[in-house]
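Here the structure is laid out as structure tokens; the discussion comes afterwards.
Nothing in this text is a laboratory measurement; each read-out follows from the coordinates by a stated rule. In this text, all values refer to a predicted model and were calculated from it rather than measured experimentally. Positions of Cβ are generated from backbone atoms using ideal geometry, with glycine treated the same way; all protein chains shown enter the neighbour counts.
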Amino acid sequence: MRIAESELIINDDGSVFHIHLRPEELADNVILVGDPGRVDMVAEYLEDKEFRHASREFVSVTGKYRGVRVTVLSTGIGTDNIDIVMNELDALANIDFSTREAKPEKKSLNILRIGTSGAIQPDIPIGSFVFSRISVGCDGLLNWYADRDRIAVPEIEEAFKKHVGWDRHLPDPYFVRAGEDMCRRFADCTVSGMTISAPGFYGPQGRVLRMPLAMPDMVSRFESFRFGDERITNFEMEGSAIAGIAAHLGHNAGTVCAIIANRHFKDSNTDYKPIVRSLVEMCLERLVR
């Protein structure tokens, strides 16, 4: 079926609308970072760099790491941006831009988000690396797509809502597992995480400045939740949409974050760039392994 011009917007130079990549510019291995400035830091490790594109918060570079082609792309903050990025990455890989039809053979991309995060458990120290084996979407994004229950973990969802006393005005949370292959790559070098992706930095993560919270003890309820051996480990703002859309579309995706704050101890480290650089080095090695 042909996809209309209004549904998939292709720029005059043949690139996809927002992220300004052309199909031939996308590598099979993709690193996503939130901060556009972090793209150049990751790109320092790449050889044979082909280009550098920049449009709004979306900055991209494709090059090679140890002979393997890698695309680095910034997303900005939030799952709304991830909806754009993940759909456009899939379009580049699996839609023929000349015919505007889905390709008969689908490509599965390796997509890894490298980010920063705050832990909520006391035994996860600042400087740790947490891999989100399960991502928890509190943003509602996945609920806009059909068959969300096919890729979700409903038994944890129900237990979580009951334990937390989920406010009826909030979107239904969704729980999605990372790609199995990506989980294996990071199993021996990270803390196994069940990560909340919040739709904001302040209220949705339990921070109070001048506005009170709908669930004042939200963070402590998250900290105390258990489902078998699983527990909520940390907050960030993009991983759930990456995991959910990737699972829908058949991509191998995951999120790994450097812990730069601990909400339990109310502590943080603003000089976290060396920690992130160490994480980037590890992730590049694991991604191309």
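Below is a table of values for the structure above.
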| quantity | calculated |
| --- | --- |
| Charge sum, other residues only, whose C-beta stays under 15 Å from Asn87's C-beta, Lys/Arg counted +1 and Asp/Glu -1 | -3 |
| Length gained when the stretch Arg56-Asp267 is fully extended (0.36 nm per residue, less Cα-Cα span) | 72.7 nm |
| Additional length obtainable on full extension of the chain from Glu281 to Ser192, 0.36 nm per residue less Cα span | 30.1 nm |
| Local electrostatic count, Phe131, Cβ distance below 13 Å [Lys/Arg +1, Asp/Glu -1] | +2 |
| Table column - 3J(HN,Hα) (Hz), the stretch 276-288, Karplus curve with 6.51, -1.76, 1.60, x for Gly and Pro | 5, 4, 4, 5, 4, 4, 5, 5, 4, 4, 6, 5, 8 |
| All aspartates and glutamates inside 14 Å of Lys266 as judged from Cα atoms, apart from same-chain residues fewer than 8 positions distant | Asp123, Glu223 |
| Inter-centroid distance (Cα atoms) of the stretch 11-31 relative to the stretch 72-113, Å | 9 |
| Loop-located GluC sites (Glu not before Pro) in the stretch 44-90 whose Cβ has at most 13 other Cβ within 10 Å (DSSP) | Glu44 |
| Cα gyration tensor shape of the stretch 240-289, rounded if a/c is under 1.5, else prolate or oblate by comparing a/b with b/c | oblate |
